[in-house]
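This report refers to the structure that appears directly beneath it.
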Ligand code: S3P
């Protein structure tokens with residue numbers, strides 16, 4: 001049964017909020033732990049449904065994956081080329097990242113792996129991973145348009161390739177690099193637009209040789225195949241994509257001040273915060289440090305008066321999941337915010353460009369979509385709210401509109417809470433503990 005939630009005006013948001021672990025890094029730590037020899041201890045793993053599906057998948061490939069305590073996990077891997085053929089279909093749930101990275105992982109062995117997912121994931125294009133894998137000699141049978149369910153059969157020997165990404169996608173890059181681990185020789189991905197580099201960082205952390213060169217064609221990332229990966233400890237930072245929701249809530253709700261400790265500040269992920277700072281946000285980064293190769297800081301976020309700006313298309317890969325919540329912020333800024341180059345937003349857990357624009361308009365904001373650009377006009381008194389937003393299995397749409405309800409004249413509801421558990425388990429309780437008023441209406 002769907003569980004609707006209603007978000008009404010919040011009290012000032014205050015306190016210290018522990019944000020769950022980074023989803024991207026969590027998936028990668030389980031996968032690389034499973035491809036390593038020996039033990040990998042992970043602290044701060046995101047225990048959201050997306051990542052738990054990847055944990056189950058790695059078990060199905062023969063790795064030992066144990067839950068030791070909150071956020072604390074132990075993986076004993078099988079080594080590159082040592083995975084078993086899963087005895088049943090791998091269900092990635094809602095997770096595009098999980099499926100794409102696992103397709104690359106499965107491709108490195110002469111086994112057949114069947115993949116499926118929920119209604120959202122079964123609509124999403126996997127051909128963008130299938131095409132380069134096919135060049136490496138992998139056989140993929142999928143539904144029309146490369147959509148899941150699909151089967152991946154790895155060849156006896158993978159062919160190393162050099163591949164230029166036609167879309168700015170860290171998921172596609174990572175799938176190729178993970179497959180490249182099993183190929184004899186060097187596999188290179190060229191990305192004309194830089195995307196998050198967690199896979200490269202973590203591959204090195206586990207002992208792979210990875211070279212990165214900036215060239216006229218873009219960033220060239222090369223992995224040397226057939227390494228012996230060794231289990232390593234991983235500390236997962238708090239997810240900046242999740243921190244985005246309480247951060248924007250604190251900026252918008254008068255009198256708020258939140259401390260968000262240990263948030264990942266990798267520049268290839270930090271576009272939203274960069275944008276908010278340009279808009280005049282009072283966000284302080286303190287206690288900056290490096291954990292397991294990733295930059296981290298404590299964020300202090302205070303209520304601020306924002307002004308509209310133009311967000312360039314080049315910034316999109318570094319904040320691709322954050323546009324829905326940026327649109328919420330923009331509706332409360334002085335002036336107009338134009339977000340350019342949002343084509344990739346259409347193929348996320350839902351068509352997020354449409355979901356954001358339609359939802360904002362239903363709440364009374366003035367928004368326009370022109371091609372791949374989204375314009376949001378700020379309004380002095382914020383927005384009216386007073387409506388229910390269909391979430392369509394999209395966690396980020398759900399949380400963005402719950403934040404909108406914290407500052408709109410009338411409450412904003414979402415039609416189903418369930419999707420939030422994919423990336424931010426405990427969101428409602430955490431936000432309510434800080435001053436939000438999100439309830440079931442019961
Ligand atoms: C992710 C990359 C992004 C992002 C997704 C996680 C990753 O997707 O939207 O939530 O972990 O590599 P694309 O790289 O396909 O844009």
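In the stretch 350-367, the residue that is nearest to residue 318 (Cα to Cα) out of those that are in contact with a helix residue (DSSP H, G or I) (Cβ under 7 Å, 6 or more places away or on another chain) and not in a helix (DSSP H, G or I) is 350. Comparison of 60, 10 shows that the only residue that is over 22 Å from the mean Cα position of the chain (by Cα), farther than 21 Å from residue 201 by Cβ, in the same structural domain as residue 292 (by TED's automatic domain parsing) and more than 16 Å from the ligand (Cβ to nearest atom) is 10.
The combined condition, being assigned to a loop (DSSP other than H, G, I, E, B), touching a residue at least 40 places away in the same chain (Cβ under 8 Å), more than 15 Å from the ligand (Cβ to nearest atom) and in the same structural domain as residue 38 (by TED's automatic domain parsing), is fulfilled by residue 160. Just give me the residues in the stretch 232-243 being out of contact with any helix residue (DSSP H, G or I) (no Cβ under 6 Å at 6 or more places or on another chain) and either closer than 20 Å to residue 104 by Cα or within 16 Å of the ligand (Cβ to nearest atom) (or both), in sequence order. If the condition is that a residue be out of contact with any helix residue (DSSP H, G or I) (no Cβ under 6 Å at 6 or more places or on another chain) and either closer than 20 Å to residue 104 by Cα or within 16 Å of the ligand (Cβ to nearest atom) (or both), then 237, 238, 240, 242, 243 are the ones that fit.
Screening 39, 49 for residues that are more than 16 Å from the ligand (Cβ to nearest atom) and either outside the structural domain of residue 270 (by TED's automatic domain parsing) or crowded, with 24+ Cβ neighbours inside 10 Å (or both) leaves exactly one candidate, 39. One residue is enough: does the stretch 291-303 have a residue meeting the conditions part of a loop (DSSP other than H, G, I, E, B) and under 19 Å from the mean Cα position of the chain (by Cα)? Yes, the stretch 291-303 contains at least one residue that is part of a loop (DSSP other than H, G, I, E, B) and under 19 Å from the mean Cα position of the chain (by Cα). Consider the stretch 166-193 and keep the residues that are over 18 Å from residue 99 (Cα atoms) and within 11 Å of the ligand (Cβ to nearest atom). The one that is surrounded by the fewest Cβ atoms within 10 Å (Cβ to Cβ) is 193. Please verify whether the stretch 305-313 includes one or more residues that are assigned by TED's automatic domain parsing to the domain that holds residue 376, part of a helix (DSSP H, G or I), buried (at least 22 other Cβ atoms within 10 Å of the Cβ) and away from the ligand (no atom under 13 Å from the Cβ). Within the stretch 305-313, not a single residue is assigned by TED's automatic domain parsing to the domain that holds residue 376, part of a helix (DSSP H, G or I), buried (at least 22 other Cβ atoms within 10 Å of the Cβ) and away from the ligand (no atom under 13 Å from the Cβ). You will find that of 324, 246, the residue that is closer than 26 Å to residue 409 by Cβ and in contact with a helix residue (DSSP H, G or I) (Cβ under 6 Å, 6 or more places away or on another chain) is 324 and no other.
The values are calculated or read from the model by the stated rules, or taken from the named source; none is laboratory data. Please read all numbers here as calculations on a predicted model, not as lab measurements. Please note: Cβ atoms are built from the backbone with ideal geometry, for glycine as well, and neighbour counts cover all protein chains shown.
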